[in-house]
Structures are given as C-alpha cells and as structure tokens.
Amino acid sequence: MKNKIALVSFVFIVFISKAQEVLPLYTGVVPNSKPYQMKEIELKKDGNFFGYKSISQPTLEVYFPDKKIATGTTVIICPGGGYGMESYLLEGIKIAKEFTSNGVTVFILKYRLPSDSIMLDKSIGPLQDAQQAIKMVRKNANTWNVDADKIGIMGFSAGGHLASTAGTHFDKSYIENKENVNLRTDFMILVYPVVSMTDDLTHEGSRTNLLGKNPDTDQILLFSNELQVTANTPPTWITHTGDDTVVPVDNSIRFYQALIRNKVSAEMHLYPKGNHGFVLSLPINEWMLPLLEWMQKSGFM
C-alpha cells in the first residue's frame, strides 16, 4: 500500500523519492550549545544517501500514514551509529515507511551527536534532543491527529542507548519544560541496543563518543540504563542476536531482567545468529511482524 504523506508548510527535503515534513527541533537557541564552526556532513554509499555525521542542528522528520488506516499511535525513531554518525536511511526512513503502512505516525529524530566542539556538556546533548522530541510530539498531538497516550520511542544500537536513556531518565527534565509536559514515553522499542556504559557490556566507541575517554564512575553508572529501571519504566520490546560481536547481547538481557524485576511488561526476541544490524538484512515486514503484534496486544495500536 502506498502511503499518502501529509505535507505542511515547513521546510521540505527530498529523501529517496518522496518529500517529507522536516521540523527544527528547537525554535530558538539550541540548549547546551556554544559557538562552533562544525558543518553537518551527508553520508553516501555507492552514490546514494545513507546518513549523517557532525550533526549540530537537530530535526524531526514526519511520516504520516494514510488517514484511512491511521491508528493514532506514534513512534519516535533514533537511528544508530555509535554516537558518531546516524544510519538515517536503514534505521530511519525504511522503518518509518513500514510503520506508516500499518497506520503508525513516525517522527525520525536527527539528534545532535555528542561533541565538545558544539556542546557545553556532550553527555546530555542527545538526551535533551530526545526529551524535546517527546515534548514536541505530545504537546502537538491534536494538531498531528495522534494519541498523546500512545507515544513510543525506538532506537537501534547507540540509538537504542538514547531511547533507553529517554525511557529511564524522564523524571528529570534536561530541557526547558515550563508547561510540565510529560516526558515519559508510553512504550520503548530497542533493537540490538547499547544499554550499558560498564566496562564488561558497553560498546566502547559509543561510550567514548558520549562520555569521553576517561568517564568517571558516576557518569558510567548514570548512563548504564539497566541500573536505572524502575516500576515506572515504560513497557518495552527488545530484539538482539546471540552472536553480536559489536554490542554484546547481555546489554539486552540485563535490561530485560531489570524490567522483569521491576514488574515492567516486556517482550524480548533473541536470535542465535545474524550479528550486529541483523534486521537490516531481513525483509522489514518479516522482522517487524512480532513487534507490531506486541504493540497491538499491549494496547498501543
């Protein structure tokens, strides 16, 4: 089914074959920023658009489903890339199109990549953008015809760390939030996620990019999200492979165990083989079918 994309009078950018609504994440000064000269780089593979690096101006790109099948459910997608780049096509656009064909509205978050050259505190930059995205979607739910109580966040690899950080650190607002908008998402979707910053679990590149080469113990513990789970953590769907040589599967396992200990509804799908990024080599509708079924039976669709 071809999706009808609603276009609003904002900035339009063409990706693949369709134009999408692209919104600046902040209307004024980007928080936690400082003067910089860094310029965003668009990445290409075999001459085709692939993703971004050196991101300093965060955006939300909106994908609307056909109104006839719209469920009111929303997913905010955080592409992965080790906090050093963002795999925007494979872990953003293609996933968005599958969701919209199933009636789900999608916002792809192009979040700032942590950098001392553009941020006062790079460790909280991506989290600020995730919280701002949640705030923006929930605050404008009526405008976009989505349900303010059915907002999820999805992350791949290091984007999974960002998503799980947003899902476990919502009690503290890292952005201006005078309206006291609820920053807790209603559910989380984690795909081969980086969850922990501890030595035995973390993806070293992601930790270095986010926290620096020699993070202190407090930072490591704060951003090890398996240690931040509470009974109020959103219901979560997780998938990973046992042979992942980039991000150890124990990231997902320990997060799942923490969810179960805190009586948080969770479902996990582990596969023996496929290595990191395994879902990208599978038909999208095949691997996403269990996810969509979980969303339905959990009352999110």
| Residues E204, E286, E176: which one is under 16 Å from L127 (Cα atoms) and either at pLDDT below 95 or surrounded by fewer than 14 Cβ atoms within 10 Å (Cβ to Cβ) (or both)? | E176
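Residue under question is S123, and the condition is that it be hydroxyl-bearing (S, T, Y), surrounded by fewer than 24 Cβ atoms within 10 Å (Cβ to Cβ) and out of contact with any Asp or Glu (no Cβ under 9 Å at 6 or more places or on another chain); does it hold?
Spelling it out, S123 is indeed hydroxyl-bearing (S, T, Y), surrounded by fewer than 24 Cβ atoms within 10 Å (Cβ to Cβ) and out of contact with any Asp or Glu (no Cβ under 9 Å at 6 or more places or on another chain).
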| message | What's the total number of residues in the stretch 276-296 that are farther than 20 Å from G242 by Cβ and either among the hydroxyl-bearing types (S, T, Y) or without any contact (Cβ under 8 Å) to a residue 40 or more places away in the chain (or both)? | response | 4
| message | Tell me the residue from M301, M268 that is at pLDDT below 95 and either at positive phi or not in a helix (DSSP H, G or I) (or both), please. | response | M301
| note | Condition set assigned to a loop (DSSP other than H, G, I, E, B) and among the aliphatic types (A, V, I, L, M), scope the stretch 126-173, selection surrounded by the most Cβ atoms within 10 Å (Cβ to Cβ): answer is V146
| field | Test: S252 is among the polar types (S, T, N, Q) and in contact (Cβ under 8 Å) with a residue 60 or more places away in the chain | value | yes
| Out of G80, G72, which single residue is small (G, A, S), out of contact with any Phe, Trp or Tyr (no Cβ under 7 Å at 6 or more places or on another chain) and either surrounded by 15 or more Cβ atoms within 10 Å (Cβ to Cβ) or assigned to a loop (DSSP other than H, G, I, E, B) (or both)? | G72
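One line per residue, one yes/no per condition, for (1) in contact with a helix residue (DSSP H, G or I) (Cβ under 6 Å, 6 or more places away or on another chain); (2) touching a residue at least 60 places away in the same chain (Cβ under 8 Å); (3) of a type in the set (K, R):
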position: T27; (1), (2), (3): no, no, no
position: P35; (1), (2), (3): no, no, no
position: K39; (1), (2), (3): no, no, yes
position: K45; (1), (2), (3): no, no, yes
position: A70; (1), (2), (3): no, yes, no
position: I76; (1), (2), (3): yes, yes, no
position: E86; (1), (2), (3): no, yes, no
position: K97; (1), (2), (3): no, yes, yes
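Can you pull out the residues in the stretch 109-153 that are among the aliphatic types (A, V, I, L, M) and either under 18 Å from K172 (Cα atoms) or under 15 Å from the mean Cα position of the chain (by Cα) (or both)?
Answer for the stretch 109-153, where residues must be among the aliphatic types (A, V, I, L, M) and either under 18 Å from K172 (Cα atoms) or under 15 Å from the mean Cα position of the chain (by Cα) (or both): L109, L113, I124, L127, A130, A133, I134, M136, V137, I151, I153.
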| Criterion (under 18 Å from E98 (Cβ atoms), among the basic types (K, R) and modelled with pLDDT of 90 or more) met by exactly one of K39, K68 | K68
| Can you pull out the residues in the stretch 185-199 that are more than 23 Å from G92 (Cβ to Cβ) and in contact (Cβ under 8 Å) with a residue 40 or more places away in the chain? | S196
| task | Starting from residues that are buried (at least 16 other Cβ atoms within 10 Å of the Cβ) and within 20 Å of the chain's Cα centre (by Cα), keep the ones in the stretch 265-283 and report whichever is farthest from E226 (Cα to Cα). | result | L280
| For the stretch 162-189, how many residues are within 16 Å of R138 (Cα to Cα) and among the aromatic types (F, W, Y)? | 2
| Say we look at the stretch 83-108 and pick out the residues that are part of a strand (DSSP E or B) and closer than 12 Å to F156 by Cβ; which of these is farthest from the chain's Cα centre (by Cα)? | E86
| query | Has the stretch 32-46 got at least one residue that is among the aromatic types (F, W, Y) and assigned to a strand (DSSP E or B)? | reply | no
| query | Out of curiosity, is I93 in contact (Cβ under 8 Å) with a residue 12 or more places away in the chain, of a type in the set (A, V, I, L, M) and crowded, with 24+ Cβ neighbours inside 10 Å? | reply | no
| Which one is nearest to Q37 (Cα to Cα) among residues in the stretch 64-116 that are polar (S, T, N, Q) and out of contact with any Ser or Thr (no Cβ under 9 Å at 6 or more places or on another chain)? | T100
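The values are calculated or read from the model by the stated rules, or taken from the named source; none is laboratory data. Bear in mind that the values here come from a model prediction, so they are computed numbers and not experimental data. For neighbour counting, all protein chains shown are included, and Cβ atoms are generated from backbone atoms with ideal geometry for every residue, glycine included.
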